[in-house]
Amino acid sequence: MRLVKLGLVAVAFLGAVGAVTAYLLYRDIGGVGATAFHPDSEETMEFVVSRGTPPKKIARALQDKGIVEDGEKFFRYMHYVAKKSSALQAGEYVLSPSMTGDDIIEELSSGRVREIKFTVREGLRKEEIADAIAGSGLASKKAMLTAMNDPALARAFGVPETGAGGQKAVPGGIEGYLFPDTYQFPRGTKPAAILNKMRARLDDVITDKMKARMKELDWTLHQVLTLAAIVEKETGQPQERPHISSVFHNRLKKKMKLQTDPTVIYGIKDYDGNIRKRDLLTPHPYNTYTIKGLPPGPIASPGKEAIEAALWPTDDDDLFFVSRNDGTHIFCPTLDCHNAAVQKWQIEFFRNKRKG
């Protein structure tokens, strides 16, 4: 009986010690969950938790970044009071010193992955798209161009071996198959995965109605993208796209050379903004002043509206267009009309501009 009493006394003593310890622990760190290091701070910062990082190390890193005041107290609160130290997950987070301890724990338990966003505008070339991706910090330009120029990827994208105009090859590879849009990916995404998503976006944009129209025209997707890219580069005003397209459709029907400057520019290395007569006369696979029909492939990535314009041109007889130097064009069905427009809107316009 004496031993039983002693045992009960010992249990009672240990219970009292435990209660005191718990009280002291809570008094020391209990407020961590409800308070913020700097409640009024508007600063946010990226905080990365690598897989396998111990909770105590995470707490120290939070202190080093200035997100919590005392990493040791934060760990003890998280482990002993909140009992969530085992719930923390690897990920990329955006945290702030204005967040309470409980808010930080909840965020770090979400396994959230911060995604990086970039935008590809209509009419960009591969190199410019690689620049946009590199500018986001998602991948280097070199890595993107290496992936873009992989022949295996071009085959996977459905780029034909024969050019849109019947040429033996498509030197540009996947040029034109990377649909212009806004994208976001987690850090560390491989270049090929980025490009595959952009190619898949193109498939999303091509509707059954578009496919039916291609069949009606007896055109392949590659031919449509090739013309759409020219329309995209030639058009300053969106409403002119179908009319610009009609000029090229009419020229193709009459077996006239397309004679469009953007295709010449595509083949000029280190283009400085000026097209010279020798550029027009210098043969290269995409120079539509020297080749007949469509160039081998797209010279840029066309948007949905340009693709639609390539498929549904206006119904007219125009064969020429001349810039008014304000983004719009004069359209002409005859060479005489065209020469008069060139005289007025190019020769006289720039002559008067120099005088002014």
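Which pairs do you get when a residue that is under 14 Å from His79 (Cα atoms), found in segment 104-115, comes within reach of a residue that is among the charged types (D, E, K, R) and surrounded by 14 or more Cβ atoms within 10 Å (Cβ to Cβ), reach meaning Cβ atoms under 7 angstrom, with the pair 6+ apart or on two chains?
Sorted first by the residue in segment 104-115, then by its partner, the pairs are Ile105/Lys84; Ser109/Lys84.
Tell me, which helices (runs of 4 or more DSSP H) wholly within segment 74-185 include 3 or more residues that are in contact with a Lys or Arg (Cβ under 7 Å, 6 or more places away or on another chain) and not assigned by TED's automatic domain parsing to the domain that holds Tyr271?
In segment 74-185, the matching helices (runs of 4 or more DSSP H) lie at 126-136.
Restricting to segment 317-335, name every residue that is of a type in the set (Asp, Glu) and modelled with pLDDT under 95.
Matches in segment 317-335: Asp326 only.
Need the failing condition index for His338 against (1) in contact (Cβ under 8 Å) with a residue 60 or more places away in the chain; (2) in contact with a Leu (Cβ under 8 Å, 6 or more places away or on another chain), just the number.
For His338, the exception is condition (1).
Quick one: which residue in Trp345, Trp312 is closer than 30 Å to Pro160 by Cβ and under 38 Å from the mean Cα position of the chain (by Cα)?
The match here is Trp312.
When the residues of segment 40-94 are filtered to those that are under 31 Å from the mean Cα position of the chain (by Cα) and farther than 14 Å from Ser109 by Cα, which remaining residue is surrounded by the fewest Cβ atoms within 10 Å (Cβ to Cβ)?
Glu42
Can you tell me how many residues within segment 126-161 are closer than 20 Å to Gly297 by Cα and among the small types (Gly, Ala, Ser)?
6
The values are calculated or read from the model by the stated rules, or taken from the named source; none is laboratory data. Predicted model, so just to flag it, every value in this text is computed and none were measured. Every residue, glycine as well, gets a Cβ built from its backbone with ideal geometry; the counts of neighbours run over all protein chains shown.
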